Amino acid sequence: MKTEVISLLLDEQEREYGLNRAKELLCQGELVAFPTETVYGLGANGLNGPAVSEIYRVKGRPTDNPSILHVGRPEDAFPLWREVPETVLKLMDTFWPGPLTIICKHSDLVPKEVTGGLDTVAVRMPSDENARDMLLRAGVPVAAPSANLSGKPSPTTCRHVVEDLDGRVPLILDGGPCRYGVESTVISMVDEPKILRPGIVSPEMIAAVIGSSSISDSILRPLGEGEVAASPGMKYKHYAPKAEVIVISGDPTAAGAEICRQYDLLTQTGKKCAIAATEQTKSFYHGKNYAILGDREKPETMCSSLFRVLRDLDCEADVILAEGIPPKEVGLAFMNRLLRAAGFHVINV
Ligand code: TXA
Ligand code: MG
């Protein structure tokens, strides 16, 4: 299949063409990769079961891992849900459009291909202008997981999408680098509010609107043998580059020293190493191969570059040594992704 890549950034006419082509393809039951403020999505008409199945085939995604439905207006979420508690309206009012995905019981409109057979559906309204424009034109909810091959780091630039999906989808829309770089916060509102996946909308921000919510306890640890995942996505290997990733957590100075020690040891055994560093510690790594993730004090900067840095270092290293940060507020979203990329291989110093 020939893949058309259309930029939404350069020229108004090309943007119009790209968005209208996306609408046409979605209405015909075909796939479109598109930018959002979190990561790029691989979309299909979310009311068309066979079209949604095609997403799973192309990504190589297990069919029991449900997809998020994306809407262009808050009111377009209501027909997808069977009931909408008051607290959900508050969350929508505060965080939509934006990186918060809300799970409620689904209505009869939603095909089983979207929900993976669950009685719930996840819905979100993105804040990215291009994504919303595409959704409004399409006029249907768009089912979209991240636009990567299953198991690879999520795509945060058009180049990442092209790396994974060129020749597999008819259209990729280029909206430039994604603003946040980690996927949306996922909250289940079916019983008591429960955060299933942390993101830029932090537990503290949610608590300020609806009172406290619980956090799924598998956010920072692997699932045990036979344990049922609250969110099916959690049971699969995630975000993993080909290189081995080791997380070194603790006081920045001690972590920097340990990373240098590991780097030298591994290099002596013939491994090619790279370091995912921070602004605060970069001076430790003089003469070594490193890339800067961001500022430890501003975890959102580390989130926005995490998947890009993992993909970049993966091209040049056998082992990536990455600094951990405290899993607090937005740091929780960062550590949730980094620990999965590392298969939970952590050295605490
Ligand atoms: O930011 C995002 O959320 C991006 C962009 C494209 O919108 N999308 C995204 O989708 O990250 P995906 O499919 O890669 O992740 C969705 C997560 C998965 O872990 C899935 O298991 C979970 O949400 N999920 C979806 N529907 C669910 C449901 N009904 N119950 C529990 N978990 C659900
Ligand atoms: Mg994903």
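The values are calculated or read from the model by the stated rules, or taken from the named source; none is laboratory data. It should be emphasised that the depicted structure is a prediction, and the values quoted were computed from it without experimental measurement. Here the Cβ positions follow ideal geometry from the backbone for every residue, glycine too, while neighbour counts run over all protein chains shown. Surface areas here come from the heavy atoms of the whole protein model, side chains and all, with no ligands, DNA or RNA. Shrake-Rupley method; radii C 1.70, N 1.55, O 1.52, S 1.80 Å.
Odds and ends about this structure:
- Surface analysis of the range 116-155 yields an accessible area of 29 Å² per residue, using protein heavy atoms and a 1.4 Å probe.
- Placing unit charges on the Cβ atoms of the charged side chains and taking the dipole of the range 14-157 about its Cα centre, the candidate lying farthest along the positive direction among 88, 127, 116 is 116.
- With the highest mean first, a sort of the peptides 336-343, 64-71 on other beta-carbon atoms found within 10 angstrom per residue produces 64-71, 336-343.
- As a rough guide to protection, the peptides 95-106, 52-63 ranked by mean Cβ packing within 10 Å, highest first, stand as 95-106, 52-63.
- Most to least packed among 272-280, 206-214 [average Cβ atoms within 10 Å]: 272-280, 206-214
- For the chain, the Cα-based Rg and Dmax, in that order, read 20.0, 60 Å.
- Taking all Cα pairs closer than 8 Å and separated by 6 or more residues, the relative contact order of the range 126-267 comes to 17 percent.
- Local net charge near residue 181, Cβ-Cβ under 10 Å (Lys/Arg +1, Asp/Glu -1): 0
- The range 1-132: antiparallel DSSP beta bridges as a percent of all, rounded to 5: 75 percent
- Within-12-Å neighbourhood charge of residue 18 [Cβ basis; K, R +1; D, E -1]: -4
- Each 10 Å bin from zero holds the following percent of Cα-Cα pairs in the range 1-154: 11, 43, 36, 9, 1.
- Rg over Rh [alpha-carbon atoms, Kirkwood Rh] for the range 206-349: 0.99
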